[in-house]
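A.B. asks: Here you go, one structure.
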Amino acid sequence: MNEEYMKVKKLRDLDEACSELERELNVRARCFPRWIAEGKVNRIDGQDRLDRLASALAFLEREEVAALLTNKELDKGEKKV
């Protein structure tokens, strides 16, 4: 397999990052029950991975809101301290 294919080529913006995390969270939520039944992942690890992914998404969404609020304040000419 071509190793270049798997390297990060472009960093995406926050909206795209959140969208991808949400997509991956939905895929895993659908697939983990089957993977657990097939023995590919155990229930504790599967739940831990879902929790970590959901936490990453929640963190980025909070950062997105904070960035939007900061930009609104700057647009109004207010100084952020």
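Just so you know, all these numbers are worked out from the coordinates, no wet-lab data involved. Keep in mind it's a predicted model, so treat the numbers as computed, not measured. Backbone-built Cβ (ideal geometry, glycine too); neighbour counts: all protein chains shown.
A.B. asks: Measuring from a point 7 Å past the Cα of residue 67 along Cα-to-C-beta, which residues in the stretch 20-55 have an amide N at less than 14 Å?
C.D. replies: Hits in the stretch 20-55 for residue 67 at 14 Å: 20-21.
A.B. asks: Hey, what did the stretch 14-75 get for relative contact order, percent, Cα under 8 Å, at least 6 apart?
C.D. replies: Across the stretch 14-75, relative contact order equals 46 percent.
A.B. asks: List the GluC sites (Glu not before Pro) in the stretch 1-43 that DSSP assigns to loop (not H, G, I, E or B) and whose Cβ has at most 11 other Cβ atoms within 10 Å. Which are they?
C.D. replies: Details: sites: 3, 4, 16, 20, 22, 24, 38; in loops: 38.
Qualifying residues, ordered by number: 38.
A.B. asks: Could you give the dipole magnitude of the stretch 14-75 about its Cα centre, charging the beta-carbon of Lys and Arg +1 and that of Asp and Glu -1, in debye to the nearest 20?
C.D. replies: For this selection, approximately 540 debye.
A.B. asks: Something else: So what are the stretch 14-75's ellipsoid semi-axes, whole angstrom, largest first, if each one is the square root of 5 times an eigenvalue of the alpha-carbon gyration tensor?
C.D. replies: Numbers: eigenvalues 214, 20, 5 Å².
Calculated on Cα positions only, the semi-axes equal 33, 10, 5 Å.
A.B. asks: Based on the Cβ-Cβ distance of residue 5 and residue 55, what FRET efficiency does E = 1/(1 + (r/R0)^6) give at R0 = 35 Å, to the nearest 0.05? Could you put the intermediate results ahead of the total?
C.D. replies: Numbers: r = 29 Å, r/R0 = 0.82.
Efficiency computed from Cβ-Cβ geometry: 0.75.
A.B. asks: With a 10 Å Cβ neighbour count serving as the proxy for reagent exposure, in which order, fewest first, do 65, 8 appear?
C.D. replies: By the 10 Å Cβ count, ascending: 8, 65.
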